[in-house]
1. Condition (residue is exposed (fewer than 15 other Cβ atoms within 10 Å of the Cβ) and polar (S, T, N, Q)) applied to segment 34-57: is it met by at least one residue?
2. Output the residues belonging to segment 57-104 that are in contact with a Cys (Cβ under 9 Å, 6 or more places away or on another chain) and assigned to a helix (DSSP H, G or I).
3. Please verify whether residue 76 is more than 24 Å from residue 144 (Cα to Cα) and touching a strand residue (DSSP E or B) at 6+ places or on another chain (Cβ under 6 Å), treating the condition exactly as stated.
4. Filter segment 29-60 down to the residues that are modelled with pLDDT of 95 or more and among the basic types (Lys, Arg) and list them by number.
5. Condition (residue is surrounded by fewer than 17 Cβ atoms within 10 Å (Cβ to Cβ), among the hydroxyl-bearing types (Ser, Thr, Tyr), touching a helix residue (DSSP H, G or I) at 6+ places or on another chain (Cβ under 9 Å) and closer than 25 Å to residue 41 by Cα) applied to segment 169-180: is it met by at least one residue?
6. Condition first: within 18 Å of residue 104 (Cβ to Cβ) and surrounded by fewer than 16 Cβ atoms within 10 Å (Cβ to Cβ). Can you find one or more residues in segment 192-207 that meet it?
7. In segment 164-202, what residues are under 16 Å from residue 142 (Cβ atoms) and of a type in the set (A, V, I, L, M)?
8. Answer yes or no: is there a residue in segment 58-65 that is in contact with a Ser or Thr (Cβ under 8 Å, 6 or more places away or on another chain) and either farther than 18 Å from residue 117 by Cα or not β-branched (Val, Ile, Thr) (or both).
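The values are calculated or read from the model by the stated rules, or taken from the named source; none is laboratory data. As the structure is a prediction and not an experimental result, all values here were calculated from the model. Quick reminder, even Gly has a Cβ in these numbers, built from the backbone with ideal geometry, and neighbours come from all protein chains shown.
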Amino acid sequence: MKKHIYFVNAHPDDLIGSAGLASILAERPEYQIHVVDFTRGERGLGNRVTMEECGAMRTKEEFAACALLGVEPVFLGEIDGESCAPKETCERLADLFRKEPPAAVVTHWPVDRHIDHVMCGAAALNALRFAGMKPEVYFFHETHQTVAMPFMHYVGFGQRIMDRKVQLCRAYVCQHGEAMAERKTCEARFMGWKAGAPYAEGFGSYRAPLSGGHSIFDDLPPVTE
């Protein structure tokens, strides 16, 4: 039976914060990953295009990026820059959880600077409450948006997974994917230094690493190049 792992993000391209983990899990036959986006990133290009055009562009890029992981994204219908965590949206996400119950949910740190991140994380937690489920829950780090998150887990990886993460970054062309790839490579090297690996991603959690119980991180393969 597949273990379902949900990556619940506020915008297309937020997946990059946990793209190393997503890439590792996507390759393992016992896992099925899901990418859920709170919004379509309608304001991600400012006033250069209409919100509708921007949303369409970023949706197309999200499908292209997710195709590299063998999945299709699901959009919950909130609006970039206006998002809340209403019951209707939480129930839509809860319905996804009920259909294929999560072993783990990876989402935004509750006190990120971006209000869409905060609302998305709140909706993910509320959806689990509505669904009556208590899977593992982890929070990913997003550059300048994530404030004071203690790193409870590190996911180390080698060059092959880093190359996939760079490829995913580059899929988000309208969000300066090439510059994003350079930034995320530097971050992954720093996290890797902390984790004792060539590259790594750091995650927060409600549960301390030594508190007992099984974690999805216990199943990850050893770091190789």
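1. Scanning segment 34-57, I find at least one residue that is exposed (fewer than 15 other Cβ atoms within 10 Å of the Cβ) and polar (S, T, N, Q), so the answer is yes.
2. 57, 58, 61, 65
3. no
4. Residues satisfying the conditions are 40, 58, 60.
5. Checked segment 169-180: no residue is surrounded by fewer than 17 Cβ atoms within 10 Å (Cβ to Cβ), among the hydroxyl-bearing types (Ser, Thr, Tyr), touching a helix residue (DSSP H, G or I) at 6+ places or on another chain (Cβ under 9 Å) and closer than 25 Å to residue 41 by Cα.
6. yes
7. Residues satisfying the conditions are 168, 179, 180, 181, 188, 191, 200.
8. No: segment 58-65 contains no residue that is in contact with a Ser or Thr (Cβ under 8 Å, 6 or more places away or on another chain) and either farther than 18 Å from residue 117 by Cα or not β-branched (Val, Ile, Thr) (or both).
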